[in-house]
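*Asks:* The structure is given below, and queries will be raised subsequently.
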Amino acid sequence: MADVFLHVGLYKTGTTTIQGALAATAEQLAAAGVLFPGGHRAQRLAAYDLLGQRVGGELRGEAAGALGRLVDLVAAHDGPTVVISEEELSLARPRQARRLVRALAPHRVHVVVGARDMARTLVSAWQQTIVNGGTATWADFVASVRGQEGAPPSEGVSFHWRHDLLRVVDSWSSAVPPERVRLVTVPPRGAPGGALLARFAEAAQLPADWPGDQQVARNVSLGAAELEVVRRLNEAVGDRFNATQHRFVIEAGIRARLAGTTARPLELPAEHLGWAQSYGRRLVAELERRGLTVHGDLGDLVAYDAAAAGPALDELTEPELLAATQAALVSMALDHGRLFRRYRSAFLEREGRLPGPAEVLTSQARAGGFWLRKRAVHHADENGLAARAAQLYLARTSPSSQW
């Protein structure tokens with residue numbers, strides 16, 4: 001019987017950092033008898049399978065059966081520990097949590113849940129919404145989360161479903177004994193860089209030296225102006241991007257290059273700090289009543305950072321927006337150039353040589369003539385001149401059309 005540690009999120013609690021460290025040290029962990037089964041991609045697909053979630057793009061059709069494949073990997077492990085980390089599992093309903101725990105039997109399952117103060121969670125969640133294609137302004141987003149009258153409800157419903165710690169604890173406590181539910185609090189700003197990983201290692205019973213000197217990539221944060229540029233781009237593009245294209249253009253491209261360039265980082269405005277602190281104190285009181293095992297400090301869940309002074313997050317000057325827009329255009333131009341080089345390399349590898357200048361020009365001329373003929377046919381019903389030209393061309397090129 002192994003100890004299986006299910007790290008189920010929450011979202012925006014350092015999951016990317018933790019998963020990056022687990023993936024980077026998988027061989028080191030395996031040598032110590034700790035299995036990180038299948039890597040993060042396999043674990044995400046298994047979560048999709050469990051939840052009934054389906055995605056397009058590169059993962060289309062791969063979720064079916066993924067849960068069974070992951071369970072088979074765990075069953076074949078003969079070491080003492082298994083660690084699975086996927087924040088999508090925080091969305092599991094009680095019956096889905098129980099199904100996964102039953103599937104992992106007879107192993108002993110523990111649940112690890114991350115928690116973060118509301119002040120940082122709120123602005124980080126808004127940023128992620130925009131990066132994923134959303135268009136809600138900061139004012140609409142925070143009003144929806146706080147349930148203010150007249151605010152659109154969808155953003156608030158989605159936020160609380162993803163970030164309600166008590167809901168997640170209740171769901172997984174229906175599947176494992178409460179003493180096997182462990183809480184990892186995200187350290188406050190200013191804490192040592194490895195503090196979060198040290199807390200997670202303690203909760204998941206990982207080796208004392210994990211992850212060693214391994215450096216892991218983290219999600220990069222945009223500033224207020226850069227995020228507003230992305231939000232407006234989302235509005236302009238609409239549904240002409242699919243999810244995979246949006247991730248490539250925004251998350252892997254623009255976001256990566258714009259991060260750290262801002263003069264206005266995302267900080268919770270002062271007007272919302274009192275509410276965030278009140279939320280945190282009530283949450284701490286409820287967690288203390290439940291008596292969960294905590295790795296870290298429950299006090300970390302009460303926002304105490306100084307709130308941002310100055311204008312709201314979506315009140316931006318023209319120079320700020322101009323600078324951020326220029327940076328976004330530079331990022332897109334660099335990506336476009338990179339894709340062009342990749343296209344030329346792929347063409348050369350497939351065809352053996354690139355077309356010469358004369359071949360390009362004559363091919364383009366033929367393409368233009370073909371386009372003109374198509375347009376003439378398409379407009380024949382609306383334009384007499386186009387209709388006459390189409391009929392003459394047809395009579396000249398298709399003798400049987402006159403029969």
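The values are calculated or read from the model by the stated rules, or taken from the named source; none is laboratory data. As the structure is a computational prediction, the values presented were derived from the model and not from experiment. In this analysis, Cβ positions are derived from the backbone assuming ideal geometry, glycine residues included, and neighbour counts consider all displayed protein chains. All accessible areas refer to the heavy atoms of the entire protein, side chains included, with ligands and DNA or RNA removed. Shrake-Rupley method; radii C 1.70, N 1.55, O 1.52, S 1.80 Å.
*Asks:* Cβ-Cβ under 7 Å, sequence separation 6+ or interchain: first residue in the range 315-331 and of a type in the set (Val, Ile, Thr), partner modelled with pLDDT of 85 or more and open to solvent by less than 60 Å² (accessible area, probe 1.4 Å). Which pairs?
*Replies:* Filtered contacts from the range 315-331: Thr325/Val229.
*Asks:* Which one of these is modelled with pLDDT under 85 and out of contact with any Lys or Arg (no Cβ under 7 Å at 6 or more places or on another chain): Asp209, Asp239?
*Replies:* Details: Asp209 fails: modelled with pLDDT under 85.
One residue alone meets the criteria, Asp239.
*Asks:* Still on this structure, I have one more. Among the numbered criteria (1) closer than 24 Å to Glu228 by Cα; (2) modelled with pLDDT of 80 or more; (3) open to solvent by 70 Å² or more (accessible area, probe 1.4 Å), which one does Thr325 miss?
*Replies:* Against the list (1) closer than 24 Å to Glu228 by Cα; (2) modelled with pLDDT of 80 or more; (3) open to solvent by 70 Å² or more (accessible area, probe 1.4 Å), Thr325 comes up short only on (3).
*Asks:* Tell me the residue from Asp140, Asp164 that is among the acidic types (Asp, Glu), open to solvent by 60 Å² or more (accessible area, probe 1.4 Å) and under 24 Å from the mean Cα position of the chain (by Cα), please. Break it down stepwise before answering.
*Replies:* Values: Asp164 fails: open to solvent by 60 Å² or more (accessible area, probe 1.4 Å).
Matching residue, one of Asp140, Asp164: Asp140.
*Asks:* If I ask for residues that are touching a residue at least 60 places away in the same chain (Cβ under 8 Å), assigned to a loop (DSSP other than H, G, I, E, B) and not basic (Lys, Arg), which ones from the range 137-172 would you list? Even if it seems obvious, please write down each step before you answer.
*Replies:* First, pick out the residues of the range 137-172 that are touching a residue at least 60 places away in the same chain (Cβ under 8 Å): 137-139, 142, 146, 161-163, 165-166, 168-172.
After this cut, where a residue has to be assigned to a loop (DSSP other than H, G, I, E, B) as well, the list is 137, 146.
If the condition is that a residue be touching a residue at least 60 places away in the same chain (Cβ under 8 Å), assigned to a loop (DSSP other than H, G, I, E, B) and not basic (Lys, Arg), then Thr137 is the only one that fits.
*Asks:* Please list, ordered by first then second residue, the pairs with beta carbon atoms under 7 Å, 6 or more apart or interchain, first in the range 271-282 and part of a helix (DSSP H, G or I), second surrounded by fewer than 17 Cβ atoms within 10 Å (Cβ to Cβ) and basic (Lys, Arg).
*Replies:* Trp275/Arg146
*Asks:* Shifting gears a bit: In the range 101-136, which residue that is in a helix (DSSP H, G or I) and of a type in the set (Gly, Ala, Ser) is farthest from Ala224 (Cα to Cα)? Before you say what the answer is, go through the steps one by one.
*Replies:* Our first condition is that a residue be in a helix (DSSP H, G or I); within the range 101-136, this holds for 101-103, 118-131.
From the residues that got through so far, the ones that are of a type in the set (Gly, Ala, Ser) too are 103, 119, 124-125.
Working: Ala103: 45, Ala119: 16, Ser124: 11, Ala125: 13 Å.
Selected residue: Ala103.
*Asks:* Same structure, new question: Of all residues in the range 178-194, how many are of a type in the set (A, V, I, L, M) and surrounded by fewer than 17 Cβ atoms within 10 Å (Cβ to Cβ)? Give the steps one after another, and end with the answer.
*Replies:* To start, the set of residues in the range 178-194 that are of a type in the set (A, V, I, L, M) comprises 181, 183-184, 186, 191.
Still in the running and surrounded by fewer than 17 Cβ atoms within 10 Å (Cβ to Cβ): 191.
Selection size over the range 178-194: 1.
*Asks:* Can you tell me which of (1) in contact with a helix residue (DSSP H, G or I) (Cβ under 7 Å, 6 or more places away or on another chain); (2) assigned to a helix (DSSP H, G or I); (3) surrounded by 21 or more Cβ atoms within 10 Å (Cβ to Cβ) is the one Ala175 doesn't meet?
*Replies:* Answer for Ala175: the failing condition is (2).
*Asks:* Do we have Val184 as at pLDDT 95 or above, touching a Ser or Thr at 6+ places or on another chain (Cβ under 8 Å) and either farther than 30 Å from Arg102 by Cα or assigned to a helix (DSSP H, G or I) (or both) here?
*Replies:* Details: at pLDDT 95 or above: yes; touching a Ser or Thr at 6+ places or on another chain (Cβ under 8 Å): yes; either farther than 30 Å from Arg102 by Cα or assigned to a helix (DSSP H, G or I) (or both): no.
Here the answer is no, as Val184 does not meet what is asked.
*Asks:* Another question, then. Given the criterion open to solvent by 40 Å² or more (accessible area, probe 1.4 Å) and not basic (Lys, Arg), identify the matching residue among Pro37, Pro94.
*Replies:* Numbers: Pro37 fails: open to solvent by 40 Å² or more (accessible area, probe 1.4 Å).
When all the criteria are applied, what remains is Pro94.
*Asks:* May I ask you to say which residue of Arg375, Arg353, Arg342 is basic (Lys, Arg), at pLDDT below 70 and more than 29 Å from Ala252 (Cβ to Cβ)? Walk me through how you get there before you give the answer.
*Replies:* Working: Arg375 fails: at pLDDT below 70; Arg342 fails: more than 29 Å from Ala252 (Cβ to Cβ).
Arg353 is the lone residue from the list that is basic (Lys, Arg), at pLDDT below 70 and more than 29 Å from Ala252 (Cβ to Cβ).
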